[in-house]
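In what follows, a single structure is set out as structure tokens and then discussed.
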Amino acid sequence: MRKIPRVNVTEATYSAVKQVLLSSKYSPGDRVAIDEICQSLDVSRTPVFDALNRLETEGLVEIIPRKGAYLVTFSEEKAHELYAVREVLEGMATKLAAKNLTDKQLDQLRKTLEKQSSCLGTGDTEGYAGATIKFHNIILEAAGNKTLERALSAIYSQMEALRLRTLYLPTRLGQSFAEHQQIFQALLKRDPELCEREARKHIVATTDYAIELLAQSRQKLAKISLVTSDA
């Protein structure tokens, strides 16, 4: 992590801490290593605590008195709800993009796939996650529907941590890349119905991995709660 400049320390620390928590370093249910973050960013505990309090109000972390701050996890029911809506909206976005994609946007999608392939080869999960998000954002932009874009952005905001975590699972990366390739091939054919089917299949598969991740996180939090009750 890069050192925090002394100008506007509060905002810079908030951005840096959020970036760290959304990286592959943390999974839902993990305890935030506050001292390690302070040392890495070269800041005092005060701006880090301010950042964590702000992130708690945004729903990204949970602060447990006398125990620390933990990256939040979703209930499986909530995750199912969010992914069900995401499936429909991304399917619609990809269907609309099939008709509207420009040659420039197709080239951009091709480059994001090349980046994903490169990251797979080097084991760069952070780079892969970034390229994947860009891939979906290009499709959403090509859909050309601002209402749809706002709706999906709201879904992404609610599930930001979980959305990224599924991309950090080693068993997920190869399958995710294959699904993106199928979506791209459907877009090349300009077949709206095929595009929608491939996009929805992709989210259904992602949902399965997300639920698996949540089950692991629930076990972590159960252990934390047990320790807390015994304290």
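The values are calculated or read from the model by the stated rules, or taken from the named source; none is laboratory data. Model, not experiment: these values are computed from the prediction. Don't worry about glycine lacking a Cβ; one is built from the backbone with ideal geometry, like all the others, and counts go over all protein chains shown. To get the accessible areas, we keep the full protein, side chains included, count just its heavy atoms, and leave off ligands, DNA and RNA. Shrake-Rupley method; radii C 1.70, N 1.55, O 1.52, S 1.80 Å.
Residues in segment 60-74 that are out of contact with any Leu (no Cβ under 6 Å at 6 or more places or on another chain) and either of a type in the set (Lys, Arg) or more than 19 Å from ALA215 (Cα to Cα) (or both): 6 in all. Selection of segment 26-43 for residues being loosely packed, with under 14 Cβ neighbours inside 10 Å, of a type in the set (D, E, K, R) and more than 18 Å from ASN8 (Cβ to Cβ) yields ASP35, GLU36. Looking across THR13, THR46, THR57, one residue alone is crowded, with 19+ Cβ neighbours inside 10 Å and either more than 18 Å from the chain's Cα centre (by Cα) or touching a residue at least 24 places away in the same chain (Cβ under 8 Å) (or both). It is THR13.
The listed residues are ILE183, ILE224, and the only one of them that is surrounded by 15 or more Cβ atoms within 10 Å (Cβ to Cβ), at pLDDT below 80 and of a type in the set (Val, Ile, Thr) turns out to be ILE224. Here is the figure for segment 111-145: residues that are open to solvent by 40 Å² or more (accessible area, probe 1.4 Å) and over 12 Å from the mean Cα position of the chain (by Cα) total 14. In segment 79-106, which residues are open to solvent by less than 60 Å² (accessible area, probe 1.4 Å) and either charged (D, E, K, R) or over 28 Å from LEU214 (Cβ atoms) (or both)? Correct list: ARG86, GLU87, GLU90, LEU96, ALA97, ALA98, LEU101, GLN105, LEU106.
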